[in-house]
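Visitor: What follows is a structure written as structure tokens; I'll ask about it next.
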């Protein structure tokens with residue numbers, strides 16, 4: 001058993017044994033508080049969390065037995081129980097005696113359930129701290145009473161403030177090791193308040209504690225008669241939850257999923273980000289700004305008369321308005337804005353640095369768009385608060401940037417609404433989450449002109465055309481229908497205001513490539529030149545439609561490798577040789593069969609069909625018009 | 001130091017005096033309501049972003065809650081994915097009955113997978129020890145995911161169950177070989193889940209990550225969710241072996257010389273293969289009584305499972321790295 005007896009404050013009540021139904025009725029009314037604990041390496045954070053679990057009777061006897069055994073083997077507390085071993089869950093962590101990753105811990109008291117994000121203190125784990133802070137209502141910042149406010153303390157405070165955690169508790173720990181000295185406590189608190197005020201943190205609560213001995217954890221400690229504030233858990237039970245402040249804001253619900261079980265029901269499912277909603281409320285669907293009225297709030301347990309921020313619901317509207325995943329249903333009287341250029345703070349979380357000009361996926365709510373960092377305005381030193389000049393951001397760096405998206409984003413400043421202003425960036429090659437970001441405000445275009453880099457990048461070319469460049473590469477036998485389909489595709493794209501250019505075997509061979517014949521070497525050179533031209537055109541932001549027999553796999557792969565990832569769309573116009581030969585629109589097969597044309601694909605030269613094309617069009621099964629529709633919808637219908 | 005005094009109990013009234021009464025009067029979301037909303041949000045994200053999702057259904061109480069939440073998340077539609085039961089042929093009989101009943105009720109397609117190699121070799125918990133779990137569960141799961149090309153699989157694991165689970169993300173990625181790399185997990189900020197996969201990768205999704213055992217029981221009670229009767233105490237034929245009380249669920253249970261089944265009033269805190277699942281002596285016959293026992297108990301839930309203690313402290317972490325759920 002532990003050397004330090006636990007207090008009786010949260011001993012399971014007698015009610016459990018006597019009247020379980022009454023007990024459960026009471027406990028079903030608990031609320032949920034999420035908190036994060038941060039501190040330097042040896043501030044005793046894990047010990048404090050272990051203590052919270054222990055005091056709230058969350059640790060069972062078998063766990064305590066295991067812990068006692070492990071403490072003797074691996075612990076750092078002599079004969080006493082090392083609570084840190086309870087929360088360091090990965091083998092590597094226990095071996096090295098450090099915390100590597102965020103761990104989530106749970107405990108509850110009669111008033112609340114608590115989810116604790118236990119975050120490592122080392123600088124290299126900034127991203128883990130941001131992860132833990134992002135969902136927290138409250139942060140506990142630990143300071144070792146013997147060491148006072150350290151650079152780490154400042155860094156952690158800055159981070160939780162940046163992520164918008166509304167409540168901060170300064171826990172001055174290890175008070176037992178400074179003989180519960182009030183002057184030491186007061187000095188540390190004064191130090192901290194001085195620093196915190198400087199970066200805009202106000203309303204900090206400071207508590208003198210000992211995680212190891214249990215002072216001021218559940219009840220006022222007799223060792224600190226000079227302290228009149230709440231014990232730590234008392235404060236955690238009383239602090240106001242974020243769910244209250246978000247329900248007082250205007251209604252917003254990002255649409256996650258459209259619920260269509262049959263033709264008579266069309267519901268929009270999502271988690272309410274802010275506000276309240278009732279049947280009859282006037283709403284606006286963004287970004288289209290179509291207006292409608294809430295008809296029902298549908299749940300499996302029956303329709304609701306009202307729903308509030310934090311609930312997952314399904315709404316139906318009184319009109320047949322267009323609404324899909326990524327749209328936001330908002331109160332019509334006070335809808336959020338949509339914009340495509342922003343100032344934002346980024347926390348960089350990847351080994352590979354952030355580079356201006358590179359495109360990333362940006363996910364905000366249920367919206368996913370392509371985004372490019374235009375400029376880095378400055379990097380923030382999270383210890384001193386200084387602004388540093390920077391172009392790129394390295395792992396764990398925090399900076400303020402301007403970014404642009406390829407489509408308008410429905411948003412609100414992060415300070416007003418975490419869900420509508422918090423986003424992640426995703427690397428397009430590795431699919432890793434590379435950054436967490438918070439939107440400050442939208443930049444209007446006039447304001448933004450001066451921020452454009454002088455070198456006009458390929459992204460910029462594409463952005464002003466409002467499209468994603470691509471090479472639609474149509475390959476297939478002579479007579480398969482490539483030119484016919486390519487023409488139809490270009491017409492359809494032109495109707496959609498897309499900027500295109502058609503490269504066709506014939507028009508290229510009359511000019512650029514008129515010096516080339518039909519030997520294997522010349523065919524390869526032909527395709528290489530076409531590839532280079534297509535690449536230049538995508539750099540200019542165009543959608544290139546290339547219709548070439550291009551019989552050799554290696555050549556097509558060469559073109560693919562020249563273009564940016566995802567831009568090369570290989571379309572196999574698949575026609576059986578017999579059918580192509582029967583069509584023979586230019587009489588070429590007849591001439592090849594007669595021996596008048598040498599090296600004719602399909603007759604005396606091979607055609608290597610693509611192994612894994614983005615699209616395969618079976619011309620025996622679809623008309624040219626249908627083929628063109630398939631290609632166009634592949635291009636514009638795929639948001640990725 | 002004056003600003004460091006105790007906080008007053010804050011109220012909506014004081015902080016938001018302009019808010020109309022009808023908003024202030026709405027009750028706060030309880031912890032169960034908040035957890036429910038979070039789980040439903042997770043499930044809808046997967047349905048929207050994954051190509052071929054599936055829900056692992058192990059017939060236990062966590063699966064029961066997960067299935068219940070899925071039905072709520074997509075109501076009035078049926079959940080847009082099938083249920084997958086990775087069977088070992090050694091589950092309790094009552095579990096098979098419950099499984100078939102719930103599949104029918106939920107209008108979901110039920111896929112039952114039994115590792116054909118384990119079946120052919122007659123792998124069983126009595127003769128093969130750890131190999132039983134590896135072959136039937138770990139290998140069986142991988143086979144089923146590969147065979148049906150599922151790219152996202154819901155599991156009912158909770159972070160309070162075990163230390164390595166406490167560190168796992170809600171969207172947890174597995175390599176093409178189903179391996180988990182705990183040191184290379186994607187940061188998971190706010191409730192934004194990055195579901196983009198690399199070629200061959202799959203995702204295990206844990207919508208109950210933030211639930212505790214007590215939350216699960218309270219929710220089962222609140223929502224009146226059907227669970228396997230084995231969770232409630234009844235007289236059952238048992239033997240005591242290696243510190244575990246085991247139930248003799250069918251005649252495949254090889255009795256040791258001199259061993260005779262004894263009738264005891266027992267229930268199970270977790271359900272798995274019957275020869276590997278320890279019972280606790282109990283008189284709790286209702287959900288409320290089970291909660292009562294849970295609150296007054298002094299040992300953690302997984303204690304009844306032989307699997308966690310096979311090779312010392314990091315056993316579960318190792319199993320997870322190899323592809324176990």
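Visitor: In segment A:223-258, which residue that is in a loop (DSSP other than H, G, I, E, B) and under 18 Å from residue B:190 (Cβ atoms) is nearest to the other protein chains (Cβ to nearest Cβ)?
Guide: Going through segment A:223-258, the residues in a loop (DSSP other than H, G, I, E, B) turn out to be A:223-231, A:239-241, A:248-251, A:255-256.
Imposing the further condition that a residue be under 18 Å from residue B:190 (Cβ atoms) reduces the set to A:241, A:249, A:255-256.
Details: A:241: 7, A:249: 10, A:255: 10, A:256: 4 Å.
In this case the residue turns out to be A:256.
Visitor: Could we say that residue B:259 is in contact with a strand residue (DSSP E or B) (Cβ under 6 Å, 6 or more places away or on another chain) and not in a strand (DSSP E or B) here?
Guide: Values: in contact with a strand residue (DSSP E or B) (Cβ under 6 Å, 6 or more places away or on another chain): yes; not in a strand (DSSP E or B): yes.
It is true that residue B:259 is in contact with a strand residue (DSSP E or B) (Cβ under 6 Å, 6 or more places away or on another chain) and not in a strand (DSSP E or B).
Visitor: Restricting the search to segment A:341-373, which residues are assigned to a strand (DSSP E or B) and over 23 Å from residue A:444 (Cα atoms)? Talk me through it step by step, then tell me what you get.
Guide: Quick first cut of segment A:341-373, residues assigned to a strand (DSSP E or B) only: A:341-348, A:354, A:359-364, A:367-373.
Matches in segment A:341-373: A:347, A:348, A:354.
Visitor: Collect the residues in segment A:391-409 that are assigned to a strand (DSSP E or B) and touching a residue at least 60 places away in the same chain (Cβ under 8 Å), keeping them in residue-number order. Walk me through it before giving the result.
Guide: Going through segment A:391-409, the residues assigned to a strand (DSSP E or B) turn out to be A:393, A:398-409.
Of everything in segment A:391-409, those that are assigned to a strand (DSSP E or B) and touching a residue at least 60 places away in the same chain (Cβ under 8 Å) turn out to be A:398, A:402, A:403, A:404, A:405, A:406, A:407, A:408, A:409.
Visitor: Of the conditions (1) at the interface with chain A (Cβ under 10 Å from one of its Cβ atoms); (2) buried (at least 20 other Cβ atoms within 10 Å of the Cβ); (3) closer than 25 Å to residue B:91 by Cα, residue B:221 satisfies every one except a single condition; which number is it?
Guide: Residue B:221 satisfies every listed condition except (2).
Visitor: Name the residue, out of A:115, A:81, A:141, that is at pLDDT 80 or above, crowded, with 21+ Cβ neighbours inside 10 Å and away from chain B (no Cβ under 11 Å).
Guide: Numbers: A:115 fails: away from chain B (no Cβ under 11 Å); A:81 fails: at pLDDT 80 or above.
The match here is A:141.
Visitor: Scan segment A:279-288 and tell me whether some residue there is in a strand (DSSP E or B) and facing chain B (nearest Cβ under 8 Å).
Guide: Just the residues of segment A:279-288 that are in a strand (DSSP E or B), to begin with: A:282-286.
Subset that is facing chain B (nearest Cβ under 8 Å): none.
The answer is no; no qualifying residue exists.
Visitor: Would you point out which residue out of B:301, B:317 is facing another protein chain (nearest Cβ under 10 Å), within 29 Å of residue B:154 (Cβ to Cβ), surrounded by 15 or more Cβ atoms within 10 Å (Cβ to Cβ) and modelled with pLDDT under 65? Show your work before the answer.
Guide: Values: B:317 fails: modelled with pLDDT under 65.
Being facing another protein chain (nearest Cβ under 10 Å), within 29 Å of residue B:154 (Cβ to Cβ), surrounded by 15 or more Cβ atoms within 10 Å (Cβ to Cβ) and modelled with pLDDT under 65 holds for just one of B:301, B:317, which is B:301.
Visitor: What helices (runs of 4 or more DSSP H) lie completely within segment A:548-640 and have 3 or more residues being assigned by TED's automatic domain parsing to the domain that holds residue A:531 and under 37 Å from the mean Cα position of the chain (by Cα)? Steps first, answer last, please.
Guide: Values: elements: A:553-562, A:577-583, A:588-593, A:624-637.
Ranges flagged: A:553-562, A:624-637.
Visitor: Quick one: which of A:302, A:310 is under 18 Å from residue B:36 (Cα atoms), outside the structural domain of residue A:186 (by TED's automatic domain parsing), part of a loop (DSSP other than H, G, I, E, B) and under 26 Å from the mean Cα position of the chain (by Cα)? Full working, then the answer.
Guide: Details: A:302 fails: under 26 Å from the mean Cα position of the chain (by Cα).
Testing whether each residue is under 18 Å from residue B:36 (Cα atoms), outside the structural domain of residue A:186 (by TED's automatic domain parsing), part of a loop (DSSP other than H, G, I, E, B) and under 26 Å from the mean Cα position of the chain (by Cα) leaves just A:310.
Visitor: Taking the stated definitions as given, is residue A:103 in contact with a strand residue (DSSP E or B) (Cβ under 7 Å, 6 or more places away or on another chain), crowded, with 21+ Cβ neighbours inside 10 Å and either at pLDDT 90 or above or at positive phi (or both)?
Guide: No: the conditions fail for residue A:103.
Quick grid of which residues meet (1) touching a residue at least 40 places away in the same chain (Cβ under 8 Å); (2) farther than 23 Å from residue A:54 by Cβ:
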{"site": "A:180", "(1), (2)": "yes, no"}
{"site": "A:193", "(1), (2)": "no, yes"}
{"site": "A:204", "(1), (2)": "no, yes"}
{"site": "A:215", "(1), (2)": "yes, no"}
{"site": "A:218", "(1), (2)": "yes, no"}
{"site": "A:229", "(1), (2)": "no, no"}
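Visitor: Taking the criterion of being modelled with pLDDT of 95 or more, within 15 Å of the chain's Cα centre (by Cα) and away from chain A (no Cβ under 14 Å), would at least one residue in segment B:230-247 satisfy it?
Guide: The answer is yes, given that some residue of segment B:230-247 is modelled with pLDDT of 95 or more, within 15 Å of the chain's Cα centre (by Cα) and away from chain A (no Cβ under 14 Å).
Visitor: Among the residues of segment A:374-390, is any closer than 22 Å to residue A:252 by Cβ and part of a strand (DSSP E or B)?
Guide: Of segment A:374-390, the ones closer than 22 Å to residue A:252 by Cβ are none.
Among the residues of segment A:374-390, not one is closer than 22 Å to residue A:252 by Cβ and part of a strand (DSSP E or B), which makes the answer no.
Visitor: Is it the case that residue A:187 is assigned to a helix (DSSP H, G or I) and under 25 Å from residue A:33 (Cβ atoms)?
Guide: Details: assigned to a helix (DSSP H, G or I): yes; under 25 Å from residue A:33 (Cβ atoms): no.
So residue A:187 fails the test.
Visitor: Still on this model: Step by step: first the residues of segment A:259-277, then only those that are over 20 Å from the mean Cα position of the chain (by Cα) and within 9 Å of chain B (Cβ to nearest Cβ), then the one that is nearest to residue A:308 (Cα to Cα). Which residue is that? Reasoning before the result, please.
Guide: So the first thing to find is which residues in segment A:259-277 are over 20 Å from the mean Cα position of the chain (by Cα), and the list is A:259-268, A:275-277.
Next, from what is left, pick out any that are within 9 Å of chain B (Cβ to nearest Cβ): A:259-262, A:265, A:267, A:275-276.
Working: A:259: 20, A:260: 23, A:261: 25, A:262: 27, A:265: 23, A:267: 17, A:275: 6, A:276: 4 Å.
Checked segment A:259-277; the qualifying residue nearest to residue A:308 (Cα to Cα) is A:276.
Visitor: Quick one: which strands (runs of 3 or more DSSP E) sit completely within segment A:424-534 and have at least 1 residues that are assigned by TED's automatic domain parsing to the domain that holds residue A:579? Walk me through it before giving the result.
Guide: Working: elements: A:433-442, A:470-475, A:500-504.
So the answer is A:470-475, A:500-504.
Visitor: Report yes if some residue within segment B:106-115 is in a loop (DSSP other than H, G, I, E, B) and buried (at least 22 other Cβ atoms within 10 Å of the Cβ); otherwise report no.
Guide: Taking segment B:106-115 as the starting set, the residues that turn out to be in a loop (DSSP other than H, G, I, E, B) are B:107-109, B:115.
Retained after the next criterion (residues that are buried (at least 22 other Cβ atoms within 10 Å of the Cβ)): B:115.
Yes; the residues of segment B:106-115 include at least one that is in a loop (DSSP other than H, G, I, E, B) and buried (at least 22 other Cβ atoms within 10 Å of the Cβ).
Visitor: Do we find that residue A:212 is within 14 Å of chain B (Cβ to nearest Cβ) and either surrounded by 20 or more Cβ atoms within 10 Å (Cβ to Cβ) or assigned to a strand (DSSP E or B) (or both) in this structure?
Guide: Values: within 14 Å of chain B (Cβ to nearest Cβ): no; either surrounded by 20 or more Cβ atoms within 10 Å (Cβ to Cβ) or assigned to a strand (DSSP E or B) (or both): yes.
When the stated conditions are applied, residue A:212 does not pass them.
Visitor: Okay, next question. I need the full set of residues from segment B:163-204 which are under 22 Å from the mean Cα position of the chain (by Cα), assigned to a loop (DSSP other than H, G, I, E, B) and within 8 Å of chain A (Cβ to nearest Cβ), in order please.
Guide: B:163, B:164, B:185, B:188, B:191
Visitor: Those residues that are under 27 Å from residue B:287 (Cα atoms) and at the interface with another protein chain (Cβ under 10 Å from one of its Cβ atoms), I need them from segment B:43-77; list them, please.
Guide: Filtering segment B:43-77 for residues under 27 Å from residue B:287 (Cα atoms) gives B:43, B:55-75.
If the condition is that a residue be under 27 Å from residue B:287 (Cα atoms) and at the interface with another protein chain (Cβ under 10 Å from one of its Cβ atoms), then B:43, B:68, B:69, B:71, B:72, B:73, B:74, B:75 are the ones that fit.
The values are calculated or read from the model by the stated rules, or taken from the named source; none is laboratory data. It should be emphasised that the depicted structure is a prediction, and the values quoted were computed from it without experimental measurement. For neighbour counting, all protein chains shown are included, and Cβ atoms are generated from backbone atoms with ideal geometry for every residue, glycine included.
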